[in-house]
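Engineer: Structure incoming, see below.
The values are calculated or read from the model by the stated rules, or taken from the named source; none is laboratory data. Only a predicted model underlies this, so the values are computations on that prediction, with no experimental measurement involved. Cβ sites come from the backbone with ideal geometry, for glycine too, and all protein chains shown count toward neighbours. Accessible surface areas use protein heavy atoms only, side chains included; no ligands, DNA or RNA. Shrake-Rupley method; radii C 1.70, N 1.55, O 1.52, S 1.80 Å.
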Amino acid sequence: MINILIISHCNLTKELINTAEAVAGKQNNLFSIEQDARNENLQSLQTKVSAVLEKINNEQGTLVLTDMLGGTPCNAAMLLIKKFNIEILTGVNLPMVLSAVFSSKAVNTAKELADKVLADGAKSIVNAKRMMAEKLKS
């Protein structure tokens, strides 16, 4: 089973995990780190991420989901790509977390999981009004 680490600003990680577990049940391979955006810098967050990865990373790798490209959570993870076997995806949303949870037991590597989650996450972003309008035309 591939471990999943969600890193974000403030309380986003906890809310994503709470909601995902409401749908999928308690997950033993889901971990989180929240950056205190007002008081925590890149170096201190990187130290926290490294400590968690020391505990949860394995030969299959770890999937790291962050809130946004260029943000401190993503940058902290990026600084650790040489030290740990991790895949990093940005723009985390609930469909991505659910995809990761449901697929993490069926794949062999974090890379395979990242590819699946990336595809599922992209499919989940749609203009719902336009989609409905097109269906009503048919």
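Engineer: If you wrap a convex hull around the C-alpha atoms of the chain and split its volume per residue, what is the figure in Å³? Don't skip to the end; give the middle numbers.
Structural biologist: Numbers: hull volume 16.7 nm³, N = 138.
Measuring per residue, one finds 121 Å³ for the Cα hull of the chain.
Engineer: Around A106, with a cut-off of 15 angstrom between Cβ atoms, what is the net charge of the other residues, counting Lys and Arg +1 and Asp and Glu -1? Before the final figure, lay out the partial values.
Structural biologist: Details: positive: K105, K111, K116; negative: E112, D115, D120.
It works out to a net charge of 0.
Engineer: Using a 1.4 angstrom probe on heavy atoms only, work out the carbon and sulfur share of the accessible area of the chain in %.
Structural biologist: The nonpolar share, carbon plus sulfur, comes to 55 percent.
Engineer: Here is a follow-up. What angle, in degrees between 0 and 90 and rounded to the nearest 10, separates the Cα long axis of helix 94-103 from the longest principal axis of the Cα atoms of the chain?
Structural biologist: Helix 94-103 and the main axis of the chain meet at about 70 degrees.
Engineer: For the cross-link pairs K14/K83; K26/K135; K111/K137, which exceed 31 Å when the distance is taken from alpha carbon to alpha carbon?
Structural biologist: Working: K14/K83 26 Å; K26/K135 37 Å; K111/K137 40 Å.
Violating the 31 Å Cα-Cα cut-off are K26/K135; K111/K137.
Engineer: What angle, in degrees between 0 and 90 and rounded to the nearest 10, separates the Cα long axis of helix 128-137 from the longest principal axis of the Cα atoms of the chain?
Structural biologist: The two axes meet at around 20 degrees.
Engineer: Please give the helix 42-56 orientation as an angle from the longest Cα principal axis of the chain, in degrees from 0 to 90, rounded to the nearest 10.
Structural biologist: The angle comes out at about 90 degrees.
Engineer: Right, next: How far, in nm, would the chain grow between K123 and K83 when pulled straight, counting 0.36 nm per residue and subtracting the alpha carbon separation?
Structural biologist: Numbers: separation 40, 0.36 × 40 = 14.40 nm, distance 3.15 nm.
Taking K123 through K83 to full extension adds about 11.3 nm, to one decimal.
Engineer: Using a 1.4 angstrom probe, figure out how much accessible area the range 7-61 has per residue, in square angstrom, rounded to the nearest whole.
Structural biologist: For the range 7-61, the per-residue accessible area is 59 Å².
Engineer: Continuing with this model, one more query. Compare the Cα positions of S138, S124, V101 along the charge dipole of the range 72-138 (+1 at Cβ of Lys, Arg; -1 at Cβ of Asp, Glu; about the Cα centre) and return the one farthest towards the positive end.
Structural biologist: Of the candidates, S138 comes out farthest on the positive side.
Engineer: Still on this structure: Could you give the size of the charge dipole of the chain about its Cα centre, using +1 on the Cβ of each K and R and -1 on the Cβ of each D and E, expressed in debye and rounded to the nearest 20?
Structural biologist: Values: 15 positive and 13 negative charges, 77 e Å.
Dipole magnitude for the chain comes out near 360 debye.
Engineer: Expressed as a whole number of Å, what is the distance separating the alpha-carbon centroids of the range 59-136 and the range 8-54?
Structural biologist: 14
Engineer: For the range 61-127, run through the trypsin sites (Lys or Arg not before Pro) and keep only the ones in DSSP coil with at most 13 other Cβ atoms within 10 Å of their Cβ. Provide the component values of the computation, followed by the final result.
Structural biologist: Details: sites: K82, K83, K105, K111, K116, K123; in loops: K82, K83, K105.
Sites meeting the loop and neighbour criteria: K82, K83, K105.
Engineer: Report the net charge of residues surrounding N93, where surrounding means a beta-carbon distance below 13 angstrom and charges are Lys +1, Arg +1, Asp -1, Glu -1.
Structural biologist: Working: positive: K123; negative: E15, D67, D120.
Here the charged neighbours net out to -2.
Engineer: Can you list the lysines whose alpha carbon is less than 20 Å from that of K116, not counting same-chain residues fewer than 8 positions off?
Structural biologist: The qualifying lysines are K105.
Engineer: Set Lys and Arg Cβ to +1 and Asp and Glu Cβ to -1, take the dipole of the chain about its Cα centre, and tell me which of V52, I4, A76 lies farthest positive.
Structural biologist: Comparing the listed Cα positions along the dipole, I4 ranks first.
Engineer: Using the heavy atoms of the protein chains and a 1.4 angstrom probe, tell me the accessible area per residue for the range 71-138 in square angstrom.
Structural biologist: On the way: 4140 Å² over 68 residues.
For the range 71-138, the solvent-accessible area averages 61 Å² per residue.
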